[in-house]
Structure formats: C-alpha cells, structure tokens
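Peer 1: Handing you a structure now.
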Amino acid sequence: MKLAFSTLGVPGLPLPDVLRLASVHGYHGVELRAHPEEPVHPGLGPGERADVAAEFKAAGIELVGLAGYARVAAPGDDGPVIEEVRRLIDLAHDLGTPFVRVFPGADPEQSRESADAIAARRLGTAAEYAADMGVRILLETHDSHRAAGDAIRVLGLVGHRHVGSLWDVMHTWLAGEQPTESYAALSPYLGYVQVKDIASADDTTPLPLGAGVLPLAECVEVLSRHAWDGWLCWEYEKRWYEDVPPLPELLGPGREHLSRLLNESA
C-alpha cells in the first residue's frame, strides 16, 4: 500500500509547499481538495493545469485523486450536478490523475429509494464521459450514504466499471460497520481508502493518527489480508477545525504510525 495525505489538512497551501511536505515526510502521493478556495480547482486554464501536472512529475509525487463536492443524490435537476462532475473529470484528465471524489448528499426528506435512483442515474450518465476520459468516479462513504451497505446500493444500480467507491473509514465506523464488513461490501468497487482518527462518535475533531478510537489497525489488517495494494490517504480535516494542531508537524509521526500498522499486518 502507498501513503498519501489530503490538502484538506493544509487549506490554501501553495502546491510547491504541499509537494515539499510530501517529499520530506515520505508520502508517495497527495489528494487535492478541488475547491475554489484552493490553488487547484476546475476553474484553472490549460496552461495552469499543465504547470500543476509538471510540478507533480518534477517532485516525484503522485496525484492520487481530486476531492470534489458534487452531491449526486441531492434533489433538483440532474444537469447542474452532471456538469459539475464532468468539469471535475476534465480537470482530472488534464492533470493525469485516475480518480475524482463525489458525495452522496441526499436530503433527509428524500426516501432511500429516490435518493439511490437519482444518484445512480447521474453517476451512470457521467460514467460514460469518465470512461472516455480515462477517469474513475468514486462515491465516498459519507453523509446520507455513510455505510458501505448504503454506497453499494447505488453502485450496484450503476453497474459501470468507471464508477467505484472511496472508503472513508470514519463514516463506516460511525454507521456501525466493522472494517471486515465494509471491505467485503466495497472491495469490488474500491478506488482508495481515506484514514483519519477522532476522539469518539460524539467528538469528530481530528486527532493525530493512532490517538483516537477509529479501528485503523483492523482496516489495514483486512486490506493486507486480501493483498490490496492501493492508497491509504490521510484526510485530516483542518479546514473545518481551525484550532487543531497544524498537519505539517503531524505528517512524520502519521507516516510512521501507518508504516507500523502495515508492517504488523504483514
């Protein structure tokens, strides 16, 4: 397995500094938060996109994926949501990264059947474009579909190899699933895995890896047992919790913790 971190943990940091952190602390890749607040987002022009791709190549760091904010199960017209996903796919193609992240984002007022059908319809439509562009759309276990069991209802309806899953281990744990259950459900669709740590189900303030209650050792163990060799990406939610310690000072110990879990699981 290869290790990465998300720029959600270093909001607004210029890309050269992000890549320097990855190199210094021994991470193989970076997930970019693709939002207008950030240096890299779908509004970049062709020249800027080429520059980003060149910076990653020069640094020897891989771009794991783009974390977008399209909510594919949300009520409303399909058009704007599909267009948002297409713009994210275009950016991923131009930067040379294989994955884009989307959220479910259903409204509490929606029925489960309606939300699933809306998400599947939009993802199915976007999948054809993603296939043409060589990009895979990943539905994150999050918000209205935080359990793996929720996500695969949608993915099963889509049935397209360019639509898969992003396993956020916090959300499946909060949904009451064990890592073995989550992996069993998501494994046919799995793009990569987001790891993090928190104090409790009632306090999701981000903590250094290994300092909280999430079953990271069990997650790594089940992935290792099945010889899964994808990305473990640390998503430290500094953007939403401004008072937590800065991510740069935690990156080294975080990599050591994940490396230790990988060695023990081997």
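Peer 1: Which of the peptides 67-73, 34-40, 105-111, 82-88 is most tightly packed, and how do the rest follow, going by the mean number of other Cβ atoms within 10 Å of each residue?
Peer 2: Averaged packing, sorted descending, gives the order 67-73, 82-88, 34-40, 105-111.
Peer 1: I would also like to ask the following. Counting only heavy atoms of the protein chains, get the accessible area per residue of the chain (1.4 Å probe) and round it to a whole Å² value.
Peer 2: Details: 10980 Å² over 266 residues.
Heavy-atom SASA per residue in the chain reads 41 Å².
Peer 1: In debye, nearest 20, what is the charge dipole magnitude of the chain about its Cα centre with +1 on Lys and Arg Cβ and -1 on Asp and Glu Cβ, if you could check?
Peer 2: My answer is approximately 620 debye.
Peer 1: Moving on. How long is the chain along each principal axis, judged by its Cα atoms, biggest number first, in Å?
Peer 2: Rounded to whole Å, the extents work out to 45, 44, 36 Å.
Peer 1: Just to be sure I understand: of the beta bridges DSSP finds with both ends in the chain, what percent are antiparallel, rounded to 5?
Peer 2: Just about 5 percent of them are antiparallel.
Peer 1: Quick check on the stretch 146-266: of the DSSP beta bridges with both residues there, what percent are antiparallel, nearest 5%?
Peer 2: Close to 10 percent.
Peer 1: Still on this model: Please turn the phi angles of the stretch 62-67 into ³J(HN,Hα) values with the Karplus equation 6.51 cos²θ - 1.76 cosθ + 1.60 (θ = phi - 60°), one per residue in order, whole Hz, x for glycine and proline.
Peer 2: 8, 8, 5, x, 10, 8
Peer 1: Hey, any idea what % of the stretch 28-157's accessible area is carbon plus sulfur with a 1.4 Å probe? Working shown, then result.
Peer 2: On the way: 2760 of 5300 Å².
Using a 1.4 Å probe with all protein chains present, the stretch 28-157 comes out at 52 percent carbon and sulfur.
The values are calculated or read from the model by the stated rules, or taken from the named source; none is laboratory data. Treat the numbers as computed from the prediction; the structure is a model and nothing was measured. Note that each Cβ is placed from the backbone with ideal geometry, even for glycine, and that neighbours are counted across all protein chains shown. The area values use the complete protein model at the heavy-atom level, side chains included, leaving out ligands, DNA and RNA. Shrake-Rupley method; radii C 1.70, N 1.55, O 1.52, S 1.80 Å.
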